[in-house]
Amino acid sequence: MVAVVPKSISSSTVGKDNNSLLEPPKELDAGALFVLKSRGSWLHCGYHLTTSIAAPALLSLPYAMGFQGWVGGVVCLVLASLVTFYSYNLLSLVLDHHAQLGRRQLRFRDMASDILAYLKSVYGGLFGTDAILSNALAGPRWGKYVIGPLQFGICYGAVIAGAVLGGQNLKLYQFISIFGILLLFLAQIPSFHSLRHINLASLILCLAYSACVTAGSIHIGYSKNAPIRDYSLKGSEVNRAFSAVNAVSIIATTYACGIIPEIQATIAPPVKGKMFKGLCVCYTVILTTFFSVAISGYWVFGNQSMGTILANFMGNGKPLLPTWFLLMTNVFTLLQISAVAVVYLQPTNEVFEKLFADPKKDQFSIRNVAPRLILRSLSVIVGTLFAAMLPFFGDIMALFGAFGCIPLDFIFPMVVYNVTFKPSKRGIVFWGNTLIAVASSALSVLGAVASVRQIVLDAKAYRLFADV
């Protein structure tokens, strides 16, 4: 499917004559001014994108394939790659378009408030003339009451989920001391753009531990201690159906990036075309790491793959790989988890800065530094405590995917593209985007039910603050 950009920006819903296309830029609030500084290049954008998507969550892909089998698992991975690349490119085109109009949007909630106010003009006729639905489609409150809270929950949830993964192979006190303290320090980095060097290191770490996991899986597969391989789908037909939907939610979460506008906001103007280059960098890493880890891990452990493949490497109390190799892989993973958590703290930091910082004061004045230090530290402490209470990384991944990542990354981009560019309702672009949005909506509902069901089943063997 090809994303079609109109030849003339005057065909957009924004600006109806050539004299009103360009609007004077609005005065930036403290969140946009201090956290979302627009100074980066397309390469920096690639680093940010890679850290936000190619994260340790990919270690759960063999677990997801265990619910789908070879054919279903590989097909789902391929489709997720194609749909998310297409989806993120659509978001980038919409953001480029509004930047050309002089209305550069720096946040998801800005996009929702500005663009979805025109939702009725595109989709209203498809749903009849029901007054309640019509008013809902026309309402400009999408950003404040729907997209904004949704993104906040996803991003803060990603911090918690990353911490859960970081603590999988550690005692609780080790986890808090290593991850919590490191994140407390990194959370004080003032702006998203300031993370560019950390995110380059994160990209390298992702390649490193993915290579270790792939090599380790192949080594175990050919060793005398290789586990018995079983690729059958376990359980009754009902359980298999729920598990397959749960796996789709996990894979959707693994490919998710709930901060595309915020990442594009870090690019120095002009922004046109730079995001696409950054996505190419990101998806080169994704294709290299996701498929190698998923296929090699599932090949060795089959339907016995655990929530994170690193847990399988420990065997039944006896490591299947040399201790130094496992330690190295875990260190690479823990370090990247910290980088990923800091990236997903940025929307939270931006909200704090907007509410409590003074844009007329210097960013590093006492007036702005004091609330920044207190609030960012509190957000890390609360997130770490929640992570210590949560036990099931794979199940948490599925829950986030169903409730947040699918709506934000698979549905929202299709809708805002159709609303912004108004492709012909007789064309493949409009109906292709609509079909993806509708199918993703159905998967989101089914995934929510399946993920909650799985957590309830697993919770029978769980207690708060395990391994204290």
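Across segment 41-57, a minimum of one residue is classified as surrounded by fewer than 24 Cβ atoms within 10 Å (Cβ to Cβ), out of contact with any Pro (no Cβ under 7 Å at 6 or more places or on another chain) and among the polar types (S, T, N, Q).
Exactly one residue out of Tyr255, Tyr231 is in contact (Cβ under 8 Å) with a residue 12 or more places away in the chain, aromatic (Phe, Trp, Tyr) and over 24 Å from Tyr156 (Cα atoms): that is Tyr231. May I ask you to list the residues in segment 234-257 that are outside any helix (DSSP H, G or I) and either at pLDDT below 85 or surrounded by fewer than 15 Cβ atoms within 10 Å (Cβ to Cβ) (or both)? Residues satisfying the conditions are Lys234, Gly235, Ser236.
Across segment 68-94, the qualifying residues are those that are crowded, with 22+ Cβ neighbours inside 10 Å and of a type in the set (Val, Ile, Thr), and the one among them that is farthest from the chain's Cα centre (by Cα) is Val94. Looking at this structure, is Leu375 over 29 Å from Val248 (Cβ atoms), modelled with pLDDT of 90 or more and not in a helix (DSSP H, G or I)? In short, no. Residue selection: Asn303 satisfies the criterion of being within 24 Å of Val213 (Cα to Cα) and touching a Phe, Trp or Tyr at 6+ places or on another chain (Cβ under 7 Å). With a requirement of 1 or more residues that are at pLDDT 80 or above and more than 26 Å from Leu345 (Cα to Cα), the helices (runs of 4 or more DSSP H) lying completely within segment 60-167 that satisfy it span 61-65, 69-100. Residue count for segment 220-248 satisfying the condition of being in contact with a Cys (Cβ under 8 Å, 6 or more places away or on another chain) and among the polar types (S, T, N, Q): 0.
Let's see how each residue does on (1) of a type in the set (Val, Ile, Thr); (2) modelled with pLDDT of 95 or more:
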| residue | (1), (2) |
| --- | --- |
| Glu262 | no, no |
| Pro270 | no, no |
| Ile286 | yes, yes |
| Phe291 | no, yes |
| Ala294 | no, yes |
| Ala311 | no, no |
| Asn316 | no, no |
| Leu321 | no, no |
| Leu327 | no, no |
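Each row is one residue, and each column tells you yes or no for (1) farther than 30 Å from Leu106 by Cα; (2) crowded, with 21+ Cβ neighbours inside 10 Å; (3) at pLDDT below 80; (4) out of contact with any Leu (no Cβ under 9 Å at 6 or more places or on another chain).
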residue	(1), (2), (3), (4)
Phe179	no, yes, yes, no
Leu184	no, no, no, yes
Ala187	no, yes, no, no
Ser191	no, no, no, no
Leu195	no, yes, no, no
Ile204	no, no, no, yes
Tyr209	yes, yes, no, no
Val213	yes, yes, no, no
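Pairing residues of segment 425-447 that are over 19 Å from Leu91 (Cβ atoms) with residues that are surrounded by fewer than 13 Cβ atoms within 10 Å (Cβ to Cβ) and among the β-branched types (Val, Ile, Thr), at Cβ distances under 9 Å and at least 6 apart in sequence or on separate chains, gives Ile428/Val2. Of all the numbered requirements in (1) under 20 Å from Tyr156 (Cα atoms); (2) under 22 Å from the mean Cα position of the chain (by Cα); (3) not small (Gly, Ala, Ser), Phe332 misses one, and that requirement is (1). Do you know which residues across segment 312-347 are of a type in the set (Ser, Thr, Tyr), touching a Cys at 6+ places or on another chain (Cβ under 7 Å) and either under 15 Å from Tyr209 (Cα atoms) or surrounded by fewer than 21 Cβ atoms within 10 Å (Cβ to Cβ) (or both)? The answer is Thr329, and nothing else.
The values are calculated or read from the model by the stated rules, or taken from the named source; none is laboratory data. In this text the structure is predicted, and so the values were computed from the model without any measurement. Because the Cβ atoms are built from the backbone with ideal geometry, glycine has one as well, and the counts that use them run over all protein chains shown.
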